[in-house]
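Following: one structure in structure tokens, then a few remarks.
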Amino acid sequence: MSSFASTSQNRKNYLRTLGVWWIVYGVVSLIEAILLFVFSGTATVMFGALLQRVPNPFVLMSDFHILYGAGILLTVVCGLAGIGAGLALSAGSGSGRSLALVAGFLALWHIPLGLTLGVYTLIVLLPSNAGERYIPMREAA
């Protein structure tokens, strides 16, 4: 086997592995968003219990609901972006690198899996010459 063939096979496996991890992250994020929605009543009661001695608890409770809803929405967006990036990377699509960079940036707030995967993806795919390296990887897939 020539060295070029083994390099292209390694690149193909690299993209497929990274794509699988993004799909796993996306599914975990969507499950998390569902659980956050289901247990929103419990979260409201728990936060409300902290507001017993606050002068104006209703404003803080409104802010809590806004931030909680935004957190659920962000989790859904991260999950969908992760699944999209994973499918594109696994298929060797031309938009795989761009989708993975967007998903990597969005996932940085999501500790520990999103942060780890996001930082790794940004380090590997963000450098200026990564686009040149990505095209042969995509063609190998």
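Throughout, read-outs are computed from the coordinates displayed, never taken from laboratory work. This is a predicted model, so every value here is computed, not measured. Every residue, glycine as well, gets a Cβ built from its backbone with ideal geometry; the counts of neighbours run over all protein chains shown.
Test LEU106 against the criterion of being touching a Cys at 6+ places or on another chain (Cβ under 7 Å) and surrounded by 15 or more Cβ atoms within 10 Å (Cβ to Cβ), and give yes or no.
Numbers: touching a Cys at 6+ places or on another chain (Cβ under 7 Å): yes; surrounded by 15 or more Cβ atoms within 10 Å (Cβ to Cβ): yes.
Spelling it out, LEU106 is indeed touching a Cys at 6+ places or on another chain (Cβ under 7 Å) and surrounded by 15 or more Cβ atoms within 10 Å (Cβ to Cβ).
For segment 59-95, how many residues are in a helix (DSSP H, G or I) and either touching a Lys or Arg at 6+ places or on another chain (Cβ under 7 Å) or among the β-branched types (Val, Ile, Thr) (or both)? The qualifying residues number 8.
In this structure, does ALA43 turn out to be touching a residue at least 12 places away in the same chain (Cβ under 8 Å) and over 30 Å from SER90 (Cα atoms)? So ALA43 passes the test.
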